[in-house]
Structure formats: C-alpha cells, structure tokens
Amino acid sequence: MRTLVLPALVVAICLLGAIAPTPVEAVVPVRLEHVPLQAPPGGTFAADGIVTSDPQETAPFAMLALALPGEVQVEVRTAQGDGDWSTWTPLGHMHDEGPDPASPEALAAAEAAGPAAERTHPLWTGPADRLQVRALDGDLAGAEAILIDPLGLDRSVPERAWDAMVAAWNGTPRDTATALAAQPTILSRAEWGADESIVEDPPAYAAEVDRMFVHHTVSSNGYSQAQAAAAVRGVQSYHVNGNGWNDIGYNFLIDAYGTIYEGRAGGIDRAVIGAQAGGFNTGSSGVALLGTYTAATPGSAMQTALEQLIAWKADVHHFHPTGTSVAVSAGSSRYPDGQAVTLDNISGHRDVSTTTCPGDGPYNGLPATRTAVRERAGDLIVDQASDITSTRVVRGDPDVDRVTFAATLDPPGDWQIDLRDPAGDVVFRAQGSGTAATGTIDLAGSSWALGSYEWEVSADGRRSALGHLEMEPPVIEGALASPTQALADLDGRLTTPVAVSAVLWPGATWQVDIIGPDGTTVHQQQGSGDRVDASWSEGTAAPGTYLWTVTAEDADPVQGSVEVRYDILDRLADTDDPIAAAAAVSAATFDGGEATVAVIARHDVFADALSGGPLAGRNGPLLLTPSDGLDPRVDAELDRALAPGATIYVLGGTAAVAPAVADRLAVHGQVVRLAGPSRVATAAAVAEVVLDRSGEDRVMIARAGPDDAAPWADALSGGAYGAAAGIPVMLTDTATLSPETADAIDRLDVASTIVLGGTAAVSDAVVADLPSPSRMAGDDRTATAVAVAQRLWSDGGTFDEVLLANGYDSTAWAWALAAAPTAARRGAPLLLTTPTHLAAPTAALLAAGDVRDGTVLGSAALVDPEVSYAASDEIRRGR
C-alpha cells in the first residue's frame, strides 16, 4: 500500500476548512490599477465610424470600469489567456451616483478625478487578462481602464492559504438587533472583507432616514455565489480608489442569491449619508442590486431580501413604505439645487436623476415592492411630516413656548407620548387611541432644566419612536459695536459715539458694560425688549482698547472690543482725483469773490507746476486742469472764488496748457502765461513775478529732476513757505547750476538763497555758485520738510498748526502743491509723510509741544488713517 505524505501547508488548509465558517469567499487584498488604453491617434476606425482601441494584455482582473474624457458611449470585451473574447458589453455612466455636489466628499473626489473625470459603472468580468474597448459616438483619447482584482488572481498558493485563514477568522457572525419588524441577516463589512484602511474620514449622518433608493450596480450578472463578496469588495475599491469617494457609496448591497451586505460604514440602523443618489443622499438610504437589471427582473431570493431589508429600515426609521415625503435637492441632473421634490418613500434612482437606474425590471416592480414591504413591516409608528423630530428650543423664548409631538399609527391603536427631563423623570405624558398620536406641552417660563429631554411615542406591539429635545439657554445674537475704532479729541471727548446692538427675545432684560484699558467702567446701560440699543458718547476716553459686554438673563454674555484713537487732524481734499482735490482745497481756503489771483497748471505733469505755490501766495488758489480743455469743476471754482479783475497765471507753454484753455479763462480775469523752454526756465519766469510783487531779494533753490526721483518733494515743502513769505522756488540741475537760474539770479539782484535738500539733491558745487546760500536739509525728504518748518516758518516764533501730505507717491505732488496757499494763509508748515506711517522726524516735531491742530491732505489711499492717528498721539504727547 502506498503512503501519501501531505505537506504541512495542505494539512493546515484542510484543517482550516474543517473548522472555519465560510460565508464568503476568502478575503484577499483588492488590487486596483489605472491602465491607459492602447490606441493609435484617434483609435482604430471601423467602416461604421466606431473607434476601437487596440487589444491589450494586462495584469489579471475580474472587474473593470473606464475613466473617460467625456460622456462617450462605450462597450468592452475581455478574455483570459488564449481563450475567446467575450461579447461586447456596454458600460453605463454613473449619472449622479455619488456624493452630493457641494459636499466635502464630492469636492475631494473632483480634485482626485483629473481630466478623465467621467466614470462608468464597474463591470464584473470574471477572471481576465486581456481587454478591448470601443467608442460608439466619440473617441478614446485620454481614456483609461480601471482594472480591479478582488479575487487575488495573481497571488501565490501560500498567499491564498493565508487569505483563507483570514477569511475564516473574520467570518464571525454579527449580533442581530431585536426588532419588531425582523432584521434580516446582513453580512457585516468584516465578513465580506471591507478594506477599512482606505476609508479616511468618519461617516456623516443625517437627522433621519425618510426614504430608500433602489439601484443596480450595472455590472455583470454572471458572478457565482462564491464570487459575490469579491464583487462587493471590487465596488468598494472602485468607489474609493477609482472615484475618490470616502467609502463605498451604497448603504446596502444585495446579490443574486439573496445575501444582504452592509455598505458604507457607520451603522446599519443609523442615518448614514451615502454616495448613491447625488443631490438626495441626505435623509435617504440606498440599496444596490448587484448586477445589471436593465431588462432582467431580480430573482426571488434577491427580491425577498430587498423587501425584508426595506421593511426593517421603514420600521427602524418610522417612514411609511407606501407613503411619500418631500426632499430638497442639493443639485442633480434632474432637479436643480434648492428644488423641493415629492418622492415615494421607496423610489428608484431614476426618480431623482437622468439615469435608467435601477433598470426597468426593478423599477417597474416598485409598486408591488412597496405593497410587499408594507405587509412585511407590520404595525408602524410613522413620524414623517410631523413635529416629532429631534429639535432644539430656547428656554424662555415665547416663540417656542408650545411644542407639539405628533405621529401616525398604521393601523390605529392605543398610544402614549412621554417626555423625560435630563434627570430621566417624566415631565409630560399624553395618551389616546386612534390613528393620530398628538400631545402639546407648554415650555413657557425659565423653570425648565437645561439639557437633553427624551421623547418617546409608544404603542403595544410596535417599535417606539424616540428622539431628543434640547433645552438650551437663550442666545444673544448679532452683537456688535459700531464703529470698532472710535475717535477722541485731545481732551478725550469722543467725537464718534459708539453704538452697541444685539438681537434678543421678547421680554428680555439686558445690560451693556464698557470697560476701559485701566479696568474701570466708563459706560453702563440697561434696558428691556428684543433689541439691545446702547450708545456711549459721554465722558472722557484715553486711547486704548475698551471691552464691551452684553448680558441678558440666562444667556451667555457676548463680548467684543472697541479701539479708541486720538484723531484731531482734519482731512482735506479727501479724493483720489487731483483736479477735484485742488478745487476742494480752494473752496476750503477762499471765500467767494475773495481771491485776486489764480494759478492754472496741467494736472498730469508736475514740471511747470513746481513754482506755482509762491506765485499763488496768500492771494488765490492753484488749480489743475487737463491740457486740452478747462475742467468744468475748475471753471466753477474760478467763478466762485475770484474777485473782479483778478489775474490768472497759466504755467507752461501751449503744449502744457492749450490756447483754448487760456481763451476760456479770459472770462474770469486777465490771463498771463508764464512759460519757458524747460521747467527751469518756467520757474525763472515765475520767480521774476513773485519777487516783483513781494519786494523780496531771496529765492529758494530745489532740484529740477530726474522725474523718477520725485524732485517735487523738496520744492513743495519749501514752496508752501515761499507762498507765505513771497519767496519763489527756482530749479537747478543737481551737479551744476542751471544757466537759466544763474541768469535770473543775476538779473533779479538776488541777495541770498535757501537751498532745499541735501547734497544728493543740490550738490556743494551748485551751492558754491549761489549768493549767500543756506541749506535746509535732513536725512530724507521728511526731515528736510521738518528743517524748513523749524528754521523758516518759526523764525524765532512758533506755529500751532501743520499740513500733512504724502511725499512719496508719484502723483502726490498735486495735493501738496494745491495746499501751498492754504499753508500760507494759516501759517501752517507743510510736512511730508509716507502713505502708511509717520516718519520719526515728523513725529518728533509734533511732540515738541507747540502744535495744536493739523490737516491731512488727500484720501486714505494717499495718507492712511493710521498716520493721522499717530500724528494725533504725538500732538497729545506734546501737550
């Protein structure tokens, strides 16, 4: 007799088979890969225009899907080894099968999908390693095959032995919950081998399940009972690794042999939000029939399992199998976002999407399915379309004083409604008999304990409907203070009152407290009603952060803060338009009919305008206009401000200010054009007029260029002083004294010169050629402006007001230039600043103690409010 010696591995496998439960085929790791279709450019064209990919060999697979660049109608065939090709099988597209459009899961999936975003349903092919695809109405450029192997076709014999062992130990049956409508046997995720490692996020839940959607997976019906669980694993892998979803999309699946599979994780008796009816996932549960039922009818085992599952879910979630309910679309191919839709509580996927799912067989059978489910569900408590839902109420809010609990009994019977407080004591009970179970409780007043109340509607022989009512403290809503940054003058008086507001509830009593930086209460106000309306405007306020608090009865207090800043500076010419700015400065400086002169310069180039401030002096405005026409706002301001017989100086030649402009100006007074071949020559011509009028023998010297270095900065700070003192600003090159300026100095008998800026602006060589020069300079243009203020404007005395202008932006010259007459009339030096912060030299001058007031020139875009606040702080510090 022969002796047969079995390898230990075989013995182990045999023993394992003898002791292990085998509800499903061995669980193996699912392999999924994307394989580009092999096709020449445009594919292979048949005579009828069908585009066919080249046959290609691949790694073994048992399920496949396609990723397509568009909605192309495709068919696929497969083969294994040298075997015959299968028949061509169409692959359906996954219309709206997936997460709700705007959900985080959908957004993540769209990002992961890439350019080939159109997906087909997965097709169960059975073992295969060759494929070919054809497109019936498009091409296959960029298309990919998604190959799935849930059978372990490429695994070795030892690996398959290990798979069997794992399957056996994972096959522990799950406990079945006690139910009045019996829970059918449901294969757990562990039993069918769900891959929990690919599920990244926890499940999301709806408040309740109101309906069931029936689907089919549009895969082959040719799987064996042993292969069914592998097909489910393939669907999970495709949904997660192929589509980018968080988990398998369906809540349940049913195979042709009547096995029910737990789908998306989260609890079979809970309202898990799936990815199965895009736009309608929330509040629904989806069950997929494993296979294609476009024309076929589910077998008796599958149909019975479907009815048992939905009957149990209807009992658990208290929806009526033959009833309807209203759902609001989150956006699907059939119903736009926000549209309310009345649906059967047992519906097919096609009821909410432009798809044929779940196929004509199951869909046409839904009326009979609903009737059968109703018979299986038994006696029901239905709580749809009633107030008996988990909700939240606010203690003391009269709008929710009365809460009604309502449910329907089918068939009628005796019922009882109980409400238990957070301690578990029954605080409300209603009893009765019939179809409608209702009870109303009065929750008025503040005696109710805060916390979670449990309600229960019960009836003999039926599953109770349960829920929670959260009794919450009242909430202060919309609390805010306006403005969030308040301003005060130098004495600490608020110049902008602070209003605190909030929304409460009828009959509420409230209090507002405002606490200063030192911890003292600066304002307290009380009131009653559903609106908080408090205002703080009295008393004094030091700069700093003030905390405000709104309190009202049981509500949690709400706090916020207000920043108090000093801002004593006015803002003039609060516009970004230089023409409007100059007109606004004029209107603020001269009364009607007061001005005896006016200076007109082009608005877009500073060259000729640099010397205009001293020319205007104290006697009239400096206005800006386009070169080719007199701006109507300038026309109107001249008409308002000029006295009869006024002189109007036009700066620059006819290319700068056109003759037509001068002709129009003539209606307002005598027009005198001052011009030269360059800005230096124009400044010399202006100087002659200024000196003749003032009798002075001094001039100021500033650099003429280059333009990109903003040469106007020093000229403007000096020009404002020149307007007050009758001293013109003349221009020169940096390295050598310009001939036009030298000639004018000699011709006009200039006795002394004031040089504006350091050696980078006007060199020592130039200074050496000037009569009795003195230099007004600092480390930068802000420091030069301070030097002009301290050494020229004070002249042994003091000044108590300043003008503050942007000295850096390329177009900022217009505001400072137009303000020269204002500075002259007010005796206020022109200081310069950056757009966003106060320079140290300017801050030091303001803090010296003499300045009491000031004006910012230009809009917040030119001089940020923070500059004004900082200047105000320095002025206050000086006091």
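A few comments on the model shown:
- Yes/no for VAL851 being assigned by TED's automatic domain parsing to the domain that holds LEU623, in a loop (DSSP other than H, G, I, E, B) and in contact (Cβ under 8 Å) with a residue 12 or more places away in the chain: yes
- Whether a residue is farther than 27 Å from ASP570 by Cα and not in a strand (DSSP E or B) was assessed, and GLY439 does not pass this test.
- Check on ALA449, more than 24 Å from ARG270 (Cα to Cα), more than 40 Å from the chain's Cα centre (by Cα) and not β-branched (Val, Ile, Thr): no
- When each of ARG565, ARG531, ARG493 is tested for being within 30 Å of SER859 (Cβ to Cβ) and in contact with a Leu (Cβ under 9 Å, 6 or more places away or on another chain), the lone residue that passes is ARG565.
- Criterion applied to ASP692, ASP714 was being among the acidic types (Asp, Glu) and in contact with a strand residue (DSSP E or B) (Cβ under 6 Å, 6 or more places away or on another chain), and the one residue passing it is ASP714.
- Residue match in the range 639-648 (condition: in contact with a Gly (Cβ under 7 Å, 6 or more places away or on another chain), assigned by TED's automatic domain parsing to the domain that holds ASP743 and hydroxyl-bearing (Ser, Thr, Tyr)): yes
- In the range 425-460, the residues that are closer than 26 Å to ASP414 by Cα and either of a type in the set (Gly, Ala, Ser) or not assigned by TED's automatic domain parsing to the domain that holds GLY413 (or both): ALA430, GLY432, SER433, GLY434, ALA436, ALA437, GLY439, SER458, ALA459
- Note on the range 400-439: residues that are modelled with pLDDT under 95, out of contact with any Asp or Glu (no Cβ under 8 Å at 6 or more places or on another chain) and closer than 14 Å to SER464 by Cβ amount to 1.
- Residues in the range 483-534 that are crowded, with 20+ Cβ neighbours inside 10 Å and over 30 Å from LEU569 (Cα atoms): ALA502, LEU504, TRP505, ALA508, TRP510, VAL512, VAL532.
- The number of residues in the range 685-703 that are under 23 Å from ASP764 (Cα atoms) and crowded, with 24+ Cβ neighbours inside 10 Å comes to 6.
- Matching residues in the range 744-770 - criterion: being of a type in the set (S, T, N, Q) and under 20 Å from VAL690 (Cβ atoms): SER752, THR753
- Residue within the range 99-107 that is part of a strand (DSSP E or B), of a type outside the set (Phe, Trp, Tyr) and at pLDDT below 90 present: no
- Some residue of the range 338-360 being closer than 30 Å to PRO506 by Cα and modelled with pLDDT under 95: no
- Hey, ALA109 surrounded by 20 or more Cβ atoms within 10 Å (Cβ to Cβ) and within 27 Å of ASN281 (Cα to Cα) or not: yes
- The listed residues are ALA67, ALA112, and the only one of them that is closer than 22 Å to SER237 by Cβ, of a type in the set (A, V, I, L, M) and modelled with pLDDT of 85 or more turns out to be ALA67.
- Residue ID - farthest from the chain's Cα centre (by Cα), chosen from residues in the range 783-808 that are buried (at least 24 other Cβ atoms within 10 Å of the Cβ) and polar (S, T, N, Q): THR784
- Among the residues of the range 560-614, those identified as of a type in the set (Phe, Trp, Tyr) and part of a loop (DSSP other than H, G, I, E, B) are PHE590, PHE606.
- Here is the figure for the range 209-223: residues that are in a strand (DSSP E or B) and either over 25 Å from THR89 (Cβ atoms) or out of contact with any Pro (no Cβ under 8 Å at 6 or more places or on another chain) (or both) total 3.
- Qualifying residue in the range 367-388 (condition: at pLDDT below 95, buried (at least 17 other Cβ atoms within 10 Å of the Cβ) and of a type in the set (Ser, Thr, Tyr)): yes
- Of all residues in the range 235-263 being polar (S, T, N, Q) and within 14 Å of PRO99 (Cβ to Cβ), the one that is surrounded by the most Cβ atoms within 10 Å (Cβ to Cβ): ASN251
- Highlighted here are the helices (runs of 4 or more DSSP H) found entirely within the range 744-818 that include at least 1 residues which are in the same structural domain as SER611 (by TED's automatic domain parsing) and within 30 Å of ALA581 (Cα to Cα): 781-788, 813-818.
- Count of residues meeting criterion [farther than 22 Å from ARG565 by Cβ, in a loop (DSSP other than H, G, I, E, B) and among the charged types (D, E, K, R)] in the range 489-539: 1
- For the range 523-535, a residue qualifies if it is in contact with a Phe, Trp or Tyr (Cβ under 8 Å, 6 or more places away or on another chain), of a type outside the set (S, T, N, Q) and at pLDDT 95 or above, and the qualifying residues are HIS523, GLY527, VAL532.
- Unique residue being at pLDDT below 90 and exposed (fewer than 14 other Cβ atoms within 10 Å of the Cβ) when the list is ALA59, ALA47: ALA47
- Considering the conditions (1) within 29 Å of ALA760 (Cβ to Cβ); (2) of a type outside the set (S, T, N, Q); (3) more than 53 Å from the chain's Cα centre (by Cα), GLY652 is excluded by exactly one of them, (3).
- Considering residues of the range 569-609 that are among the aliphatic types (A, V, I, L, M) and within 37 Å of the chain's Cα centre (by Cα) only, the residue surrounded by the most Cβ atoms within 10 Å (Cβ to Cβ): ALA573
- Residues that are farther than 18 Å from ILE600 by Cβ, in a strand (DSSP E or B), of a type in the set (D, E, K, R) and within 54 Å of the chain's Cα centre (by Cα) are absent from the range 714-730.
- Residue among LEU547, LEU615 that alone is touching a residue at least 24 places away in the same chain (Cβ under 8 Å), buried (at least 21 other Cβ atoms within 10 Å of the Cβ) and not polar (S, T, N, Q): LEU615
The values are calculated or read from the model by the stated rules, or taken from the named source; none is laboratory data. Owing to the predicted nature of the structure, the values given are computational and were not obtained by experimental measurement. Because the Cβ atoms are built from the backbone with ideal geometry, glycine has one as well, and the counts that use them run over all protein chains shown.
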